[in-house]
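The values are calculated or read from the model by the stated rules, or taken from the named source; none is laboratory data. Nothing here was measured: the structure is a model prediction, and the numbers come from that model.
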Amino acid sequence: MMNSVHSKSLKMMNTILVSDRQNSISDREIEIVKLLSLGYNSKEIGEMLFISEHTVNTHRRNMVKRLDLKNSYQLIVWAFKKRVLSF
């Protein structure tokens, strides 16, 4: 009985951790979202962060997909709602 409870608890914790991971973004992604919210384009962001425009677009695309959003606008709105960004 105890193993069953322990097993269920572990499964629940794993589910929570996976869910949190899917709904979070990395420090680099936060930098990119901040710069997007300030109106910079991918080329400008790439130059500021010393990465290629393609890498910026890949980060953006990955965030939108991971968070089940449709576009960069929704990504910025999500970041403000989750308090990743503030006014």
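Annotations for the structure displayed:
- Here K43, K8 are screened, and the one residue that is at pLDDT 95 or above, part of a helix (DSSP H, G or I) and among the basic types (K, R) is K43.
- Of all residues in segment 11-40, those satisfying the criterion of being at pLDDT 95 or above and part of a helix (DSSP H, G or I) are D27, R28, E29, I30, E31, I32, V33, K34, L35, L36, S37.
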